[in-house]
Structure formats: C-alpha cells, structure tokens
Amino acid sequence: NHPLDCPVCDQAGECSLQDLSYEHGAVETRYEFARRTFVREDIGPYIQLHMTRCILCYRCIYVADQITNNRVHGILDRGDHSEISTYISKAIDNDFSGNMIDVCPVGALTDRTFRFKNRVWFLKPLDAHRNCEKCAGKVTLWNRGDEVFRVTSRKDEWGEVQSFDGKPGWICNTCRFEKKNTSDWTIEGPTTISRHSVISAGHYVGTVTPPDPLKKVLHGRQPHLLLDIHNISEVNQPDVHLSEIEGPAVGKTFDGEVHASGKNVTDVKIGLGPNKEGTDSTNPER
Ligand code: SF4
C-alpha cells in the first residue's frame, strides 16, 4: 500500500523500504487496489506527517513512549483504516520530539526545516559534538560544503539511533534545529555509513578499495573537510545560502531574489482541512 513516489519523496536515499526493494530486486508492485491517501499534517513547527507513506511500524510511538510520560498518540482504527492518531501533535510537544523523524523508516515523518532543500546523497555526513545540557550532544551534521543543512542523531548499520554509555543517543531539539552553523560544533570527521543505501555509495561492505593516496600527497597536512563551495561552483552563487532560506529553492532564488523560496508548509494545522492551493512545496508556481 506504500506509494511508489520515491522520486518526489524527501526520504529517498535513506528509506529502509527503498533499500529493501533494491536489495531484493523488486522493481514493480503487485498491489492492484486503490491506495489509501491522507492529507499532510504539520505537527508542530518542526515535523510533517504524511500518513499516506506510513507503514504502521509503531517506531514513532515507542519513541514517544520513551521520551514522554504522557504519550497520547497511537494507532487508531483497524486494518486498512489504521492511522497514527492526530493527537501525535500533543505527544511531540517536548524537547526531544525531533527523534521521531530519525526513527521513521520511510518518508512519513520528515523534518520541516530540511524538506526539499537538498537530496541526502548530495550532502556529506560528519560526526560532530557539542557540550549540551539536555542531551549527549553527539550528532551527525549533513553538510554541503560549509553549510549545515540538517542535524540528526547518529545511526548504526541497522538505521537505529546509536547508544552511548548504554543510553540511547537521542538528541534535543536545540541541537537538531537551532545549531546549524559549523562553528556551533566540534567536527570529529566523516561519518562511516555501513548501511546499504544510496547515501553509502562508495562505502559498500566487502568492496576492495585502493589505498587512499591523500596521506601521501598531503605530506602530513590535514585535508580540508569543509570547502567553501561558493568559491568552486558557479551554481552555488556567493550570495545564495540554500540552508538558510525558509524553504526549498526556486528559480527566483538564483535570479537575484536570494531569499526567495518555495513554501515548506502545508497549511494543514493539527490535522484539519485540505491543503490550500498554492502553498504546497511541490507546487511548481512557488
Ligand atoms: S515511524 Fe513512520 S512509518 Fe512508523 S508508524 Fe511512525 S509515522 Fe508510520
């Protein structure tokens, strides 16, 4: 029942379902019936729920159980009518709500501050940390050049959030949504992605890679992990900062209006009413 909309889904490249399809060579669906569809919901300022893509894995519910004592969301109804309760918006009113985005294996729960700003395979994941009062502060930064596009918790080869000192490495919303400057973080180095997926391209398990010549040619100097992409690319014009504009870039962004962006909201608040025309991030007019 999951839609085959990978080309327009923000989770593409890091979706467990997509990875499984590739792994098992499933190129087409055998599902012949009408698919169930739902309107999108903005649940709070940071998360969007696209129930159409939900595979009812219950992960977000278990996480909500761990991060709050007052979980008020779960699966409502049965069978084909099952859906995540809209009371999820109340459950996520806490400082660790962003972790539900990380555990969602498909594109049902996505980061509203990152949606459609960049494809994940264009970004370079880096392990980084900061001293945080609320969480362990150990994260993965997703950079393009020197711009931080998003911050996530660190994941293991099964796509699960890593544990540190026997505790789950949940990160707080301050680290995730408010610390998007490289200077906020101490960079440890490139993230090793051991999972089979598009974002691990070039890092497949079992492949034999030639010795890295970098050390030889750098004569003891450290490689520059963070390049200023504005200096080396004509596409990334010096005054355009894709990570800082409100939503996804549009034609105008590169045509003089450097702050112009598509709107990354659905206008569906707390699960009520249909999307309004012209405000959807996929609307070509925006
Ligand atoms: S984690 Fe994602 S796919 Fe799983 S139940 Fe929650 S919204 Fe649905």
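The values are calculated or read from the model by the stated rules, or taken from the named source; none is laboratory data. All values reported here derive from a predicted model rather than from experimental measurement. Positions of Cβ are backbone-derived with ideal geometry, glycine not excepted, and every protein chain shown enters the neighbour counts. All accessible areas refer to the heavy atoms of the entire protein, side chains included, with ligands and DNA or RNA removed. Shrake-Rupley method; radii C 1.70, N 1.55, O 1.52, S 1.80 Å.
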Rounded to 0.05, the calculated FRET efficiency for the beta carbons of Tyr58 and Phe122 at R₀ = 30 Å is 0.45
Residue-wise HN-Hα coupling along the stretch 156-172, computed from phi with Karplus coefficients 6.51, -1.76, 1.60 (Hz; x: Gly, Pro): 8, 5, 9, x, 8, 5, 5, 9, 10, 6, x, 10, x, x, 4, 10, 7
Measuring from label point to label point, each 7 Å out along Cα→Cβ, what is the Cys132 to His219 span in nm? 4.1
Accessible surface ranking that places the most exposed of Lys179, Lys117 first, with a 1.4 angstrom probe: Lys179, Lys117
So how far apart, in nm, are the two label points at Val39 and Gln237 if each is 7 Å from Cα heading toward Cβ? 3.6
Would you kindly derive the ³J(HN,Hα) couplings of the stretch 35-51 from the backbone phi angles with the Karplus curve 6.51 cos²θ - 1.76 cosθ + 1.60 (θ = phi - 60°), listing them in order in whole Hz, with x for Gly and Pro? 8, 7, 10, 9, 6, 6, 10, 8, 9, x, x, 10, 10, 10, 9, 10, 4
In nanometres, the difference between 0.36 nm per residue of separation and the alpha-carbon distance of Glu28 and Asp77 is 14.8 nm
